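The values are calculated or read from the model by the stated rules, or taken from the named source; none is laboratory data. As the structure is a prediction and not an experimental result, all values here were calculated from the model. Here the Cβ is made from the backbone with ideal geometry for all residues, glycine too, and neighbour counts use every protein chain on show.
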Amino acid sequence: MLQKRYIKKLDMEISPLGLGIMRMPMEGGELALEAYDMIDFAIEQGINYFDTAYFYQSDKAESFLKKALTEKYPRENFIIADKMPTWLCNSRADMERIFYEQLERLGVEYIDIYLLHGLNEPRWQKIRDLGALNFIDELKEKGLIKKAGFSYHDSSHVFPCIVDSHDWDLVMLQINYYDWLIQDIKSCYDYAVGKNIPVAVMGPLGGGRLMELPPKAKKILEDFAPNATTASWGIRFTESLPNVAVTLSGMRSKQDIIDNISYFSPFTPYTDEEYAVVREAVREFQSSETIPCTACRYCIKPCPIKIDIPYILQSYNDYKLFDDFDKFKWIYSDLVAHARKADRCIKCGKCINICPQKIDVPKELLMIHEKAMSR
C-alpha cells in the first residue's frame, strides 16, 4: 500500500501516485465497468489523489467520479483536483456557470485543488483580464475550493509571470525524462521550486510515447537494467525530483495501477548512472523524428471534420519508430474512414490553438497523407 506524504504548502497528506481520469477505459461512450473497479482498487491501495477536468472522457469524467468515488467514500478519504477550462471562458459569468456545474457533476460541496487549465501565453492573458484570480480567491474565501493552481503548456518565457501573479498552492507541469532533456521544462520546475510551490507531474510517460520506445533506445535501457519496465524509468524519474507533490499517471487498467505502485515498494531514486543511460536513450529517440503527440485528444472536439488526429499521428509515429511502412499505409488506407482522413483538414487552426504540444497539426496531417499515398 502506498504511504502518503504531507505537503506543507497544501496542508494535505497525498499519495505519491495520483490517478488521472483522462485515459480510463470507456465503452459505448461511457466509462466502462472496469473503470469503477479501478477506483475501488486505487482507494484500497492507498491512492487518494484523483485528477479530472471539465471535458475529460467526452465530458463524462466528473459525473463518473460522483458515482465511483464521492457517493461511495467518506469525503476525507480522497482529494479531487479539477480544472477550469480557460478556453471556454469569455466572461465572469462563464467561470461561475462552469464551476458550479463542476460541483454538481462531482457531487461535492468543495473541490480540494482547483486549477486554471492548460495555460499558455494567450490563454493566461485572456483569463487574467477576465478576473480569474479574483474569482478563485472568492471561491477560496467561500470554502468552495481549498487550494488553487494552474496547469501549464508553453515554453518557459511566460511561466515566471504567471507564478509571480498570485500566491499559488500548486503548479501542474508535464515532466518526463524526454521533455526534461529536450524541451525547456526544467527551468519551469526550478522556478516553481524557488518559489516554494509544489509540483504535480502530468505526462510522466509522455502520454504513452515513452512506453513504446524505438528499438535501439529500448535496448539501451534494457542492457542497463534488464528487469526494469519502460514505465518504471518514467515514474522513477519524476519521483526523483524533490519538489514533486504527486505524479499523475493516466492508468488504463487495474494492472497499470499494480505496476505503478510497485515502483514505490520501495522507491529507489535515480542514480547518476541512470541519468546518463536515459540521456543516451533520449538521443537515440530523437533520431526517430516522431511527432510529439501525447494522444490527449484535446484536438478532437473542436475539429469541424472530426478527423481522428491522434490516431493518424500515432500511426505515423509507429511507422517512424518501428520502420514498418506497409503497416502504416494499411492503417491509414483501410482503417481511417475516408471522410476523416488527413486530406479532409480545412486548416481552420482550432487544433493548433488547443494542442498542449504546439503541434502544427494541419501541416503534419498533410505530410502524413502525402507519405501514406506516396507508394
Original post:
If you scan region 29-54, which residues turn out to be without any contact (Cβ under 8 Å) to a residue 60 or more places away in the chain, part of a strand (DSSP E or B) and surrounded by 15 or more Cβ atoms within 10 Å (Cβ to Cβ)?
Top reply: LEU31, PHE50
Subject >> Inter-residue pairs, beta-carbon under 7 Å, first at negative phi and in region 210-234, second surrounded by 13 or more Cβ atoms within 10 Å (Cβ to Cβ) and acidic (Asp, Glu), 6+ apart >> reply: PRO214/GLU284; LYS216/GLU284; ALA217/GLU284; ILE220/GLU280; ILE220/GLU284; THR229/ASP259; ALA231/ASP259
Subject >> Extreme residue, farthest from the chain's Cα centre (by Cα), among residues of region 10-63 that are at pLDDT 95 or above and of a type in the set (S, T, N, Q) >> reply: GLN45
Subject >> Cβ-Cβ under 7 Å pairs, at least 6 apart or on other chains, region 85-97 side touching a residue at least 24 places away in the same chain (Cβ under 8 Å), far side of a type in the set (Phe, Trp, Tyr) and outside any helix (DSSP H, G or I) >> reply: PRO85/TYR54; PRO85/PHE55
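Do we have TYR275 as in the same structural domain as LEU119 (by TED's automatic domain parsing) and either farther than 29 Å from PRO204 by Cα or among the hydroxyl-bearing types (Ser, Thr, Tyr) (or both) here? Steps first, please.
Numbers: in the same structural domain as LEU119 (by TED's automatic domain parsing): yes; either farther than 29 Å from PRO204 by Cα or among the hydroxyl-bearing types (Ser, Thr, Tyr) (or both): yes.
Judged against the criteria, TYR275 is a match.
Within region 296-319, take every residue that is out of contact with any His (no Cβ under 9 Å at 6 or more places or on another chain) and β-branched (Val, Ile, Thr) and give me the one that is farthest from MET22 (Cα to Cα). Quick ask: steps written out before the conclusion?
Kept after step one, since they are out of contact with any His (no Cβ under 9 Å at 6 or more places or on another chain), are these residues of region 296-319: 296-311, 313-319.
Pick out the ones that are also β-branched (Val, Ile, Thr) and you get 300, 305, 307, 309.
On the way: ILE300: 14, ILE305: 23, ILE307: 20, ILE309: 17 Å.
My answer is ILE305.
Condition check ((1) of a type in the set (Val, Ile, Thr); (2) touching a Phe, Trp or Tyr at 6+ places or on another chain (Cβ under 9 Å); (3) farther than 28 Å from SER156 by Cβ; (4) not in a loop (DSSP other than H, G, I, E, B)) across all residues:
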{"residue": "CYS299", "(1), (2), (3), (4)": "no, no, no, no"}
{"residue": "CYS303", "(1), (2), (3), (4)": "no, no, yes, no"}
{"residue": "SER315", "(1), (2), (3), (4)": "no, yes, yes, yes"}
{"residue": "TRP330", "(1), (2), (3), (4)": "no, no, yes, yes"}
{"residue": "ASP343", "(1), (2), (3), (4)": "no, no, yes, yes"}
{"residue": "LYS347", "(1), (2), (3), (4)": "no, no, yes, no"}
{"residue": "GLU364", "(1), (2), (3), (4)": "no, yes, no, yes"}
{"residue": "HIS369", "(1), (2), (3), (4)": "no, yes, yes, yes"}
Original post:
Can you name the number of the only condition in (1) among the small types (Gly, Ala, Ser); (2) buried (at least 16 other Cβ atoms within 10 Å of the Cβ); (3) free of Cβ contacts under 8 Å to residues at least 60 places away in the same chain that ALA295 fails?
Top reply: (3)
Subject >> Candidates TYR332, TYR263, filtered to the one that is hydroxyl-bearing (Ser, Thr, Tyr), within 25 Å of PRO242 (Cβ to Cβ) and in contact with a Ser or Thr (Cβ under 8 Å, 6 or more places away or on another chain) >> reply: TYR263
**OP:** With the condition kept exactly as written, say whether any residue in region 340-348 is at pLDDT 90 or above, surrounded by 14 or more Cβ atoms within 10 Å (Cβ to Cβ) and not basic (Lys, Arg).
**Re:** yes
Subject >> Residue, surrounded by the fewest Cβ atoms within 10 Å (Cβ to Cβ), within region 351-375, restricted to residues that are out of contact with any helix residue (DSSP H, G or I) (no Cβ under 8 Å at 6 or more places or on another chain) and within 18 Å of ALA295 (Cβ to Cβ) >> reply: GLN357
**OP:** Give the residues of region 283-318 that are over 20 Å from the mean Cα position of the chain (by Cα) and more than 17 Å from LYS341 (Cα to Cα), sorted by residue number.
**Re:** ARG283, GLU284, PHE285, GLN286, SER287, SER288, GLU289, ASP318
**OP:** Taking GLU27 as the residue in question, decide whether it is outside the structural domain of ILE354 (by TED's automatic domain parsing) and closer than 28 Å to ASN353 by Cα.
**Re:** no
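Take the residues of region 159-209 that are touching a residue at least 40 places away in the same chain (Cβ under 8 Å), among the hydrophobic types (A, V, I, L, M, F, W, C) and surrounded by fewer than 17 Cβ atoms within 10 Å (Cβ to Cβ): which is nearest to TYR6 (Cα to Cα)?
Start the filter on region 159-209 by keeping residues that are touching a residue at least 40 places away in the same chain (Cβ under 8 Å), which leaves 162, 169-170, 172, 174-178, 180-182, 189, 192-193, 196-209.
Restricting the remaining residues to those that are among the hydrophobic types (A, V, I, L, M, F, W, C) gives 162, 170, 172, 175, 180-182, 192-193, 197, 199-202, 205.
Pick out the ones that are also surrounded by fewer than 17 Cβ atoms within 10 Å (Cβ to Cβ) and you get 182, 193.
Values: ILE182: 32, VAL193: 17 Å.
Selected residue: VAL193.
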Original post:
VAL278 fails exactly one of the following numbered conditions: (1) part of a loop (DSSP other than H, G, I, E, B); (2) surrounded by 17 or more Cβ atoms within 10 Å (Cβ to Cβ); (3) modelled with pLDDT of 90 or more; (4) β-branched (Val, Ile, Thr). What is the number of that condition?
Top reply: (1)
Original post:
Under 7 Å by Cβ, and 6 or more places apart or on different chains, what pairs join a residue from region 1-28 that is touching a residue at least 40 places away in the same chain (Cβ under 8 Å) with one that is of a type in the set (Lys, Arg)?
Top reply: LEU10/LYS147; ILE14/LYS4; ILE14/ARG5; SER15/LYS4; PRO16/ARG5; ARG23/ARG252; MET24/ARG252; PRO25/ARG252
